[in-house]
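Written below as structure tokens is the structure these notes are about.
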Amino acid sequence: MEILSLIAIFVVGIVVGFINIVSAGGSMLTLPMLIFFGLPSNVANGTNRIAILFQNGFALYQFQKNGHLNWKFGLLLAIPTTIASIYGARFAVNIADDTFDTLLAVFMVIFAVLLIIKPQRYIKGKFNPKVAIPLLGVAFILIGLYGGALQAGVGFFISLTLLMLIPNIPMGEMHGLKTLVVTIYISVSTFVFIFNDLISWKFAIALSIGSSIGGSIGGRYASTLPDKLLEKILIIAIIFFAVILLVR
């Protein structure tokens, strides 16, 4: 029975890796799927991070190769994010499964709503540069707390923040910054889960391999797929899983 679950999560990894490249928010599907396959919520939370690290490592290489990594700015943003993520992770390892599932479902719905309304369209470029800098610091502390605790969808929240506060940022650099910040803070905060023995390594390896394959496929077809269709499918899937989590 376990081998079937590992094969299923491998397939989920392919789908999620594909979504993460051609759209955003694939990890919003990974966590509930790991929970549905029988992992305790905090173990699913820790296991998901190993696959993200694996996937991001390959992505960073591509961003560096294409000249889209702003290391200085990324490291500056990563400092408050990483510190905050440790506190978020320490909160997550001790939270009850029911509470975690409810929090995850709530943030999944929030994520879906943000995908629909696209608030960056209304706020982009509205902040004074003198205000934007301290707001970036505060925003990335909150992102660190969230990323350390839940992680799912954090890339979208980072992109949203950067687009709102740095309106002229090139898209390649934005995605590079997002990937760099997530990789740095998750490399540190994941040790909180490892030290508490909250990683299912079998599922982590299956998910990591699947995500890498899906990401490679997504990179090949990203420019030919309709973004709006993918976005609608993702929104429907997120709301569906959020409802199931809440019912549970």
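Quick notes
- Segment Phe58-Ile110, length gained on full extension (0.36 nm per residue, minus Cα span): 15.8 nm
- Note on the range 85-198: with neighbouring protein chains present and a 1.4 Å probe, carbon and sulfur make up 70 percent of its accessible heavy-atom surface.
- Debye, to nearest 20: dipole size of the chain, +1 on Lys, Arg Cβ, -1 on Asp, Glu Cβ: 760 debye
- Chain lengthening between Leu142 and Ile79 when straightened (0.36 nm per residue, less Cα-Cα): 21.4 nm
- Positive minus negative residues near Gly153 (Lys, Arg vs Asp, Glu; Cβ under 14 Å): +1
- In this simple spin-label model, placing a label point 7 Å from the Cα along the Cα-to-Cβ direction at both Asn66 and Ile95 gives a separation of 3.2 nm.
- Of the DSSP H helices in the chain, those whose Cα atoms cover at least 27 Å axially and whose Kyte score averages 1.6 or more: 2-22, 97-117, 129-149, 227-247
- The residues of the chain present an accessible area of 48 Å² per residue when probed at 1.4 Å with all protein chains retained.
- With coordinates expressed along the principal axes, the C-alpha atoms belonging to the chain extend over 55, 41, 35 Å, beginning with the largest.
The values are calculated or read from the model by the stated rules, or taken from the named source; none is laboratory data. Since this is a predicted model, take the numbers as computed values, not measurements. Ideal geometry is used to build each Cβ from the backbone, glycine not excepted, and the neighbour counts take in all protein chains shown. To get the accessible areas, we keep the full protein, side chains included, count just its heavy atoms, and leave off ligands, DNA and RNA. Shrake-Rupley method; radii C 1.70, N 1.55, O 1.52, S 1.80 Å.
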